[in-house]
Structures are given as structure tokens and as C-alpha cells.
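For reference, the structure discussed in these notes is given below.
The values are calculated or read from the model by the stated rules, or taken from the named source; none is laboratory data. Since the structure is predicted, the reported quantities are computational estimates derived from the model, not experimental observations. Here Cβ is always computed from backbone atoms with ideal geometry, including for glycine, and neighbour counts include all displayed protein chains. These accessible areas exclude ligands, DNA and RNA; they are computed on the full protein's heavy atoms, side chains included. Shrake-Rupley method; radii C 1.70, N 1.55, O 1.52, S 1.80 Å.
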Amino acid sequence: MNRNEPNDATPDAAPDAPHRHFIQQIIDMDVASGKWGAPGDRSVVKTRFPPEPNGFLHVGHPKSIVLNFSIAAEFGGSCNLRFDDTNPEKEEQAYVDSIIDSVRWLGYQWPGCVEHATPGEPAFYEGVRFASDYFEQMHAWACELIERGLAYVDEQTPEQIKLARGDVKKPGTLSPFRDRPAPESLAEFRKMTEGAFPDGSRVLRARIDADPVSKNPAPMASPNMNLRDPVMYRILNRAHHRTGATWHVYPMYDWAHGLEDSIEGITHSLCTLEFEAHRPLYDWFIRAINGEIPSPGAVPGVSRTAPREPRIHHPQQIEFARLNPTYIVTSKRKLRQLVEDGHVTGWDDPRMPTVSGLRRRGVTPEAVRTFCAGVGVTKFNAVHDVALLENAVREHLNKVAPRRMAVLDPLKVTITNWDRETEWFDIPNNPENAADGTRRVPFDSVIWIERGDFMEDAPNKFFRLKPGGEVRLRGAYWIRCNEVIKNDAGEIIELRCTYDPQTRGGDNPPPDAEGKVRKVKGTLHWVSVAHAVEAEVRLIDRLFLAEQPGKRTGDPVDDLNPESLKILNGCKLEPSFAAEGEGLTLLKEPGWSDGIRRFQFERLGYFCLDPDSTPGRPVFNRTVNLKDSWAKANK
């Protein structure tokens with residue numbers, strides 16, 4: 001199996017399949033022309049997923065993960081997992097571990113990846129790359145550009161630099177340090193590197209003059225603000241989570257990004273559209289290192305004035321539209337606010353749009369991959385209905401999730417004519433797959449049904465249980481309600497019913513003397529009182545009520561859904577949930593790749609076992625309803 005292909009995914013479409021998106025078409029042409037190797041050699045394709053370790057991945061990130069890894073798998077190439085760890089102020093090892101775990105959860109591997117490793121073990125990080133691995137090389141290239149007069153140390157304050165940049169309608173102002181002699185800038189940069197200056201007192205800037213290739217008409221006059229002498233390094237006297245206190249200057253993202261791709265030999269650098277305006281700068285930096293940019297302040301006898309040999313690799317950047325689901329916030333700052341202000345219990349709260357939150361909610365990696373493939377790859381930003389993700393979850397779980405009966409709001413039913421021992425029924429684990437077999441479910445004289453499945457004063461089209469009415473109990477018998485028992489407050493506490501022994505298994509009874517067959521329209525799920533497993537069930541719903549949270553007031557908190565979490569205690573589950581050891585094996589539950597047990601609670605929805613579960617007291621999270629209740633509510 002190719003290392004970039006999901007462990008449990010179906011094979012990718014053939015290269016000549018119809019409806020190939022524009023990135024596939026570009027790579028097809030590159031392979032055919034031999035742009036990166038021998039013509040027709042598909043294995044040269046190399047991509048990467050480059051997250052910043054300053055937060056947890058959210059639902060928008062999987063599109064990039066799926067695209068980069070699937071492109072590499074399709075062409076028989078490789079995809080790196082590399083962290084852009086250039087800002088020690090915001091980065092933490094916990095984010096690194098979580099991101100690696102999330103990529104693994106989605107089913108992908110990178111060159112050198114070791115399967116079945118856990119966070120903290122050396123094997124967990126095998127093959128993972130970091131920008132900090134290249135700090136020495138990037139620093140050396142920066143010194144080269146200083147020597148050639150293509151970079152200078154600026155001592156203006158951040159506010160002065162920002163003001164001098166101008167705007168899209170007005171050219172900027174040249175820095176008073178722009179013509180600083182190269183040896184002086186080089187000496188200052190070395191002092192910055194050694195920690196001689198406080199934070200913010202100096203930066204290293206690129207000196208970008210008129211350049212027809214990047215369409216820059218004059219210094220500090222480009223309509224692309226990124227080309228107005230951008231900062232390459234800033235002083236940060238902070239320890240780095242990997243390099244410790246070695247460095248006192250750190251590369252800016254725009255300087256590091258393209259160089260990391262170059263060092264790793266990335267052929268196709270796939271980025272979201274917000275990086276399109278940065279591409280001319282990435283290209284300028286590589287052209288400058290390769291000696292393709294004139295050197296206005298060359299140091300005689302020191303500076304490189306001829307094209308570099310060998311030239312460093314120049315990747316091709318291609319931009320695509322990011323994933324923008326409805327009813328979701330993806331801003332790291334706003335997600336952090338939800339956590340810190342106590343609106344959710346943490347980054348992995350099942351209501352959170354983080355990958356860890358989706359995982360805890362019971363969303364499957366297969367569904368996420370299907371969702372990402374379904375929204376397509378285009379150059380146009382669009383909003384994607386989160387219902388597409390929810391439907392992908394339903395479709396996958398409908399095929400693989402075992403069925404179980406659970407009563408969330410129990411109402412006691414006594415079968416008054418039951419006069420024998422407990423009877424056990426064999427009920428299918430999954431009607432979608434007969435190979436999943438059956439499970440044994442007990443039935444006796446007292447059972448639980450859903451309180452909402454009974455109505456005392458029912459309308460004509462109410463086909464569930466009502467006084468004098470008859471219903472089918474899933475896989476068991478038909479029962480008829482004969483008596484309603486209430487407490488002193490007038491609340492219904494029990495139903496007294498009779499069962500029809502001729503309806504075993506839920507089948508229709510035999511015809512009567514006139515040849516007529518009695519029928520019922522309602523089928524209810526149920527749980528034996530004597531055998532029930534008690535559980536806590538958390539009904540998870542969308543965290544926000546608005547399609548675009550915060551659009552109305554500017555604050556997404558104003559659109560929080562007060563019904564996003566309902567905790568139900570005293571729920572009753574069939575006894576198969578208590579199975580252990582050999583008994584659990586006999587139930588033939590799927591071998592979930594992430595170890596999270598998922599089920600369809602019949603007639604209720606899809607649920608998963610939460611990590612808060614304890615022996616004897618399971619806790620379940622609702623993943624999705626059986627049907628899209630939001631679509632129905634919005635009609």
C-alpha cells in the first residue's frame with residue numbers, strides 16, 4: 001500500500017477518470033512534459049501538509065490534508081507532514097502531538113511514519129519534519145542576501161515600518177536604513193542572532209527593487225503589499241519548543257515557507273487562496289538566492305554575482321479555495337474564546353469544530369474524507385453546507401454501525417398476561433450487512449419504552465402506542481395498551497398492556513376466521529427492565545444557530561445554541577452493552593480504526609462511547625440524528 005493512501009480507504013480514481021479538478025490537470029501536464037523528472041514519471045510528485053503548531057486542527061484543515069495526501073497517493077509520489085514552527089511565542093508541543101494524531105486519525109501516513117505509535121514515544125514523530133530543522137540553512141541564505149545587498153537590517157520601530165509601507169493607493173517610503181552598507185547590516189544581523197538586542201528593536205528586511213517578473217514597478221511601490229521590503233527575521237528572545245534557547249531571531253513565515261518547500265524538493269505546493277498574493281514573494285526569495293536578482297550593494301570579492309550553481313529547487317505553488325462550512329467558526333482566536341470563557345468544556349468538546357472534537361463526537365475519518373472529496377477543488381471561495389458532512393457521517397455509519405436498542409426517556413410497561421420466564425430473541429446487528437450476524441436480546445414481563453412513544457389523547461395519525469392501541473415491539477411481540485397508571489400529580493408512570501403470543505418476532509398474526517389479517521403501523525424499540533444497563537447520554541447538536549455565526553452582531557457567542565448539549569441520566573440500554581471478553585467478541589462489532597465504539601440507537605440516531613465512561617456506567621455522545629432535523633426545521 002502506498003504510504004500516502006488512507007489505511008481503510010477505497011482506491012483512488014484512475015488517472016484518466018473524468019471530471020479531474022484543475023490541480024490534477026496541472027500535475028498531469030507537468031508529468032507528461034517532464035517538468036520535474038523524466039516525462040511520464042508520476043512518482044516525482046511531492047506534496048506536503050504544513051500546519052503551524054499554534055492551535056488544534058479544525059474542520060477546515062482536513063480538505064488540505066486530504067488533497068495533499070490523496071494527490072501524492074494518486075500519482076505514486078509522497079506527501080510530507082511538516083510543521084511551520086517559526087513563532088515560539090504561540091507554539092506548544094501539545095499542538096504538535098494533536099496535529100500528528102489528527103493526521104494519523106484521518107488515515108494518512110508520510111515517508112518514515114511508524115504505525116501504531118503513541119504521543120510521547122520517539123516512533124510517533126518518525127518522519128515528521130519541522131521548519132526548525134532548516135533554521136541554519138535559512139539563516140545562511142539570509143546572510144548571503146545581506147552580502148549581496150538584497151537584505152538589510154532596519155532599526156525603525158514596528159509602527160514606523162507599518163506607516164512607511166503606504167497602502168494600495170499610495171507608494172511607501174524608503175527606510176532610512178535601506179542603503180546601509182552590506183557589511184554593517186551583516187554585523188548587525190549577527191548581533192541580533194546572538195541576542196544582543198531586545199525584542200522589536202531591529203528586523204531584517206528584503207530589499208526589493210523594480211522587478212518585471214514580480215510586476216514591481218519601483219521600490220516600495222508594488223501594488224502587492226507583500227513586496228514592499230517585507231520583514232524576513234525579527235528578534236524574539238524566546239525559547240523554542242524544539243531548539244531551546246539557541247536562536248534569538250526567527251524567520252517570518254513568508255521567508256521560511258517557500259524555502260522549506262525548496263529544501264524538501266516539493267514539486268507542487270498546494271495552498272489556500274489567501275496565499276495567492278504571497279506567491280510572487282516566495283518566488284522572489286528563491287530567485288534571489290539563485291542569483292537571478294541584481295545585487296545593488298554587492299560586496300566586492302565576497303558577494304555572489306553570478307547565478308547560483310547548483311541552483312536551489314523552485315517549487316510550483318498552486319492555490320485552491322478553502323473549506324468554509326456553515327454553522328461553524330474556524331478562527332483560532334474565536335475558538336480559544338469559546339474554551340477560555342467556558343462555553344465548551346475544552347478543545348475536544350464534541351460540539352467543537354476541531355478535528356479532536358469531531359472525533360470525540362463519533363464522526364468517522366471515512367466520512368470526513370468523503371465530505372472533503374464531495375465539496376470539490378476549485379479556485380472560487382464558497383460556503384459549504386455542514387449538512388454535507390452530517391450526511392456523509394450518516395451514510396457511512398448506516399453501512400457499518402451495529403444496531404442497538406436504547407430508551408432515553410423511559411416509561412415502564414407491564415405485560416399483564418406474561419406468565420413465563422425471560423425469552424431471548426435473536427435480532428440482527430445490522431440489516432445492511434447480514435454477515436454481521438445477530439445478538440441475543442431478552443424480553444419479559446416488564447419493559448421500558450420511550451415516553452414520547454405513548455400519547456394518552458392521541459390524534460388519528462399517531463401510530464405509536466395509545467390507550468386501546470396496538471404496536472409492534474422491535475423483534476419481539478405486539479402489545480396492546482389496556483390501562484394507564486398515574487401518580488398523585490397526574491403524571492403517567494406506567495402502562496399496563498397485554499401481548500399477543502401469535503406475533504412472536506414481530507410478525508403479523510395468522511388470519512382470523514374471515515381470513516383477515518390484523519395489522520399495525522407502529523414499531524417501537526424497548527429494553528427489558530430486569531436486564532437494562534443504565535447510562536448517561538449526551539444529546540449533541542450544532543454549537544451555533546446561525547449559518548454564519550457572528551455575522552449579525554460581530555460576536556459568534558451571540559449565536560450560540562442553548563440546546564447544543566442536553567445531558568440525560570437514567571437512560572436504559574439493552575444488556576449487550578455490558579458484554580465483555582468473549583461475549584463482546586461474539587457481538588461482531590466493527591474494528592474501528594480509532595477504537596471508538598459507535599452504534600445506531602434504533603429510531604434515535606448514531607451514538608458513540610465517550611472517554612468519560614466508567615465501568616458499569618457508559619456515557620454516550622450523539623453523533624447525528626437519523627435524519628437531518630435542521631433541514632426540516634428550516635423549511
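Between E483 and Q548, what's the calculated FRET efficiency when r is the beta-carbon distance and R0 is 41 Å? Round to 0.05.
0.20
Multiply the residue separation of F380 and A196 by 0.36 nm, subtract the distance between their alpha-carbon atoms, and state the gained length in nm to one decimal.
Extra length available between F380 and A196 comes to 61.6 nm.
If packing is taken as the average count of other Cβ atoms within 10 Å, what order do 210-218, 314-322, 146-154 fall into, highest mean first?
Sorting 210-218, 314-322, 146-154 by mean packing, highest first, produces 146-154, 314-322, 210-218.
As a test question: what accessible area, to the nearest 10 Å², does M455 have when a 1.4 Å probe is rolled over all protein chains in place?
Accessible area of M455: about 70 Å².
Take E395, project a point 7 Å from its Cα along the Cβ direction, then tell me which residues of the stretch 346-378 have their backbone nitrogen under 13 Å from it.
366-376
Using alpha carbon centroids, what distance separates the stretch 370-407 and the stretch 169-183, in Å?
52 Å
Calculate the tail of P(r) for the stretch 132-320: the fraction of all Cα-Cα distances greater than 22 Å, expressed in %.
Counting every Cα pair in the stretch 132-320, those more than 22 Å apart make up 46 percent.
With label points built 7 Å along Cα→Cβ from the Cα atoms of E514 and E580, find their separation and express it in nm.
So the label points at E514 and E580 sit 5.7 nm apart.
Between R287 and R336, what length comes free when the chain is fully extended (0.36 nm per residue of separation minus the Cα-Cα distance, one decimal in nm)?
This chain segment gains 13.8 nm when fully extended.
Once fully extended, how much extra length lies between V213 and T614, figured as 0.36 nm per residue of separation less the alpha-carbon to alpha-carbon distance?
Result: 138.0 nm gained on full extension.
With every protein chain kept in place and ligands, DNA and RNA left out, what is the accessible area per residue of the stretch 132-320? Probe 1.4 Å, answer in Å².
Here the residues of the stretch 132-320 average 42 Å² of exposed surface.
Given the protein chains as shown and a 1.4 Å probe, how many square angstrom of W347 are accessible, to the nearest 10?
Surface accessible to solvent at W347 totals approximately 50 Å².
With both bridge residues required to lie in the chain, what share of the DSSP beta bridges run antiparallel, to the nearest 5%?
70 percent
Top to bottom by accessible area (1.4 Å), largest first, where do S576, S613 land?
S613, S576
Under the classification rounded if a/c is under 1.5, otherwise prolate if a/b is larger than b/c and oblate if not, where does the stretch 138-218 fall, given a ≥ b ≥ c as square roots of the Cα gyration tensor eigenvalues?
oblate
Could you point to the label whose value was computed as P(r) over Cα pairs in 20 Å bins from 0, in percent for the structure here, given (i) 18, 43, 28, 11, 1; (ii) 16, 42, 31, 10, 1; (iii) 16, 40, 26, 13, 4, 0?
Only one option fits the structure, namely (iii).
Roughly what would the spin-label model give for K35 and I492, points 7 Å off Cα along C-beta, in nm?
6.8 nm
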